[in-house]
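K.L.:
Can you read through this structure? Questions will come right after.
The values are calculated or read from the model by the stated rules, or taken from the named source; none is laboratory data. What you see is a predicted model; the values in this text were computed from it and never measured. Using ideal geometry, Cβ is built from the backbone for each residue, glycine included, and neighbour counts are taken over all protein chains shown.
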Amino acid sequence: MRKFTATLLAAALACAPLAANAQASSYPNRPIKLIVAFPAGGDIDPVARALGEHFQSAWGQPNVVDFKPGAGAILGTDFVAKSPPDGYTLLLCSIGAMTINPGLYPKLPYNVEKDLEPISLIATTPMVLVVNRTVPATKFSEFLAYARANPGKLTFASAGTGNVTHLTGELFASETGVKMVHVPYKGSAPALNDLLGGHVNLYFNPLPSARGYLKASADKVTPLAVTTLKRSSHLPDVPTLDELGVKGFDVKSWYGLCAPGGTPKDIVQKLNAEVGRALAGTSFPERLRSLGTDPSPTTVEQFTHMIRTEAAQWAKIIREQGIKVD
């Protein structure tokens, strides 16, 4: 009996890789659902729709973009984390849910490293240091000198406590030694209104939402720097903080694709390869660039490493500054 049981176990183990390969080779054979953890109409909405259209064209399977906003992207992210790990429910993941929230919330309903499987980075965009003309500075060197000479006088807006617009400001203050007062808002719209109205002095704004008003309100605000190591092709004349002396400063907002933890590796690799093909094409990259983002394909391993590195960086800032959410 023991010999018979051992034989059955060995046979099952031998068949497991074959079953996984068969599952991956037939994937996908039904509709794929793309979960967006933000309201419809936001920056990530057209990214999800464009990627879904590519999947449908490549595989002939319908796709559904499903919006599940709430609690700083926690609700939609948790929905995917608890979905069957079969590759048919995917998350358009982003910086907040994947790298900020784990250090910000003491009890998340999901564990990023265990419950979510990184597939690929899709697009990145820098933050732009935008200063209202009420600040007597038109160059970064002037701004930095003024900020250091007037500790606690400058106010910087954010789209909410713990938002990337907040943490970028805190990281900047830590790296440069300036003291600024944080003014949190409930979303980016009121923050922008008060920036343009001169009620707050500066804002680290993701480039997609900054582009329009930087042209339309050039008499009210000045872009002093971008936060990535390389200049943005969308603002080629605006230098990087690294160029300006804040060495190594590298913050970007980003969108990626993730699956529930435990999704078969072959399916994850198949999805990664298809995202790569989409980003190597013409229509999808053009769509991303039109939004103010840059196509940024990665391997699974590169994306996983990026998430872990950024999570450690933000956790350190949150801990050092004692940042808490209500």
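K.L.:
Considering only the range 199-218, state which residues are modelled with pLDDT of 95 or more, in a loop (DSSP other than H, G, I, E, B) and not polar (S, T, N, Q).
P.N.:
His199, Val200
K.L.:
At least 1 residues that are of a type in the set (A, V, I, L, M, F, W, C) and over 20 Å from the mean Cα position of the chain (by Cα) in each: list the helices (runs of 4 or more DSSP H) lying fully within the range 245-326 that qualify.
P.N.:
On the way: elements: 265-280, 283-290, 300-321.
Fully inside the range 245-326 and qualifying: 265-280.
K.L.:
Quick one: Lys186 ticks every box in (1) at pLDDT below 95; (2) assigned to a helix (DSSP H, G or I); (3) under 25 Å from Asn101 (Cα atoms); (4) not aliphatic (A, V, I, L, M) except a single one, so which number is it?
P.N.:
(2)
K.L.:
Okay, next question. Being under 27 Å from Thr309 (Cβ atoms) and out of contact with any Ser or Thr (no Cβ under 7 Å at 6 or more places or on another chain): is that true of Ile100 here? Break it down into steps so the answer makes sense when it comes.
P.N.:
Values: under 27 Å from Thr309 (Cβ atoms): yes; out of contact with any Ser or Thr (no Cβ under 7 Å at 6 or more places or on another chain): yes.
Answer is yes for this residue.
K.L.:
Return yes when Thr293 is crowded, with 21+ Cβ neighbours inside 10 Å and at pLDDT below 95 and no when it is not.
P.N.:
Numbers: crowded, with 21+ Cβ neighbours inside 10 Å: yes; at pLDDT below 95: yes.
Yes.
K.L.:
Residue by residue through the range 236-263, note down the ones that are touching a Pro at 6+ places or on another chain (Cβ under 9 Å) and either among the hydroxyl-bearing types (Ser, Thr, Tyr) or at pLDDT below 95 (or both).
P.N.:
Within the range 236-263, Thr240, Ser253, Thr263 qualify.
K.L.:
Filter the range 103-136 down to the residues that are under 28 Å from Pro236 (Cβ atoms) and out of contact with any Ser or Thr (no Cβ under 6 Å at 6 or more places or on another chain) and list them by number. Working first, answer last.
P.N.:
Restricting attention to the range 103-136, the residues satisfying the condition of being under 28 Å from Pro236 (Cβ atoms) are 120-136.
Within the range 103-136, Ile122, Val128, Leu129, Val130, Asn132, Arg133, Thr134, Val135, Pro136 qualify.
K.L.:
Moving on. Which residue is farthest from Val268 (Cα to Cα), if the candidates are limited to the range 84-122 and must be of a type in the set (S, T, N, Q) and surrounded by 19 or more Cβ atoms within 10 Å (Cβ to Cβ)? So that I can check it myself, show each step before the final result.
P.N.:
Taking the range 84-122 first, the residues of a type in the set (S, T, N, Q) are 89, 94, 99, 101, 111, 120.
Going one step further and asking which of them are surrounded by 19 or more Cβ atoms within 10 Å (Cβ to Cβ), we end up with 89, 94, 99, 101, 120.
Details: Thr89: 12, Ser94: 18, Thr99: 20, Asn101: 24, Ser120: 9 Å.
The selected residue is Asn101.
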